[in-house]
Amino acid sequence: MLEYLMSAEFYQIMLFWVYSTILIGAALAVVTMRNSIYSALFLILCFFSAAALWLLLEAEFLALTLVLVYVGAVMVLFLFVIMMLDVKIKPKSGMSMYTKVGLFVALLMGIEMIMLLGKKLAHVLPQDDLVKHVKGHSNVKEVAETLYTQYVLPFELASVILLVAIVAAILLTLRKRKDYKHVDPETQVHVKAKDRMRVIKMDAEKGNYIGGDQ
């Protein structure tokens, strides 16, 4: 029993259950939180936990892509859209709730990194892991062959759905404001020079002399 608890198989199974529990809990928080900023922060935690699970499966390309693209770029876009929607945040003295939730999410990310890479860096975990690909295995080649052959139609449909989501997010920000000056492009195209400029003849007048004796 003790040997099994110290084995690589038990360690990876334990990591799987820990990351899966965090992933499910964060996903539930994304859809149950009333505040959109909290949901975005927990969505970052979801992506990070999923990336940790992919590292356990030795899918390093997918894990790095999820962290770099989704956490580093897509979530920045989500937060930018939330700010464009004018989410009202009342200033408070001391540490705000947003800061506390952000620190909590960052703490869980740090714990995941330590649990996943701690023993790997210390060369304690054996090399014959629970999941092990053959030498020369390429994650990029396997993903490309599967994505652009077997799942090419769902891939194209997903791109269309993302395009619709981007257009919908832009339309949400287009609201009428009293302090916003709107110009109709059609009116600008059909304008004529005689409608924009008018020559007025005025009689010359003598102005007052300023700056010394006349």
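The values are calculated or read from the model by the stated rules, or taken from the named source; none is laboratory data. Only a predicted model underlies this, so the values are computations on that prediction, with no experimental measurement involved. Note: ideal-geometry Cβ built from the backbone for every residue, glycine included; neighbour counts use all protein chains shown.
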(message) Six or more apart or on different chains, Cβ atoms under 9 Å: show the pairs whose first residue is in segment 143-156 and within 19 Å of TRP54 (Cα to Cα) and whose second is in a helix (DSSP H, G or I).
(response) VAL143/PHE61; VAL143/LEU62; VAL143/THR65; LEU147/PHE155
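Among the listed residues ALA168, ALA122, identify the single one that is of a type in the set (A, V, I, L, M, F, W, C) and at pLDDT below 65.
Within the list ALA168, ALA122, the selection yields ALA122.
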(message) So, in segment 1-35, exactly how many residues are at pLDDT below 85, buried (at least 16 other Cβ atoms within 10 Å of the Cβ) and closer than 15 Å to VAL101 by Cα?
(response) 1
(request) Identify, from the list LEU64, LEU68, LEU43, the residue that is surrounded by 18 or more Cβ atoms within 10 Å (Cβ to Cβ), over 15 Å from LEU15 (Cβ atoms) and modelled with pLDDT of 85 or more. (result) LEU43
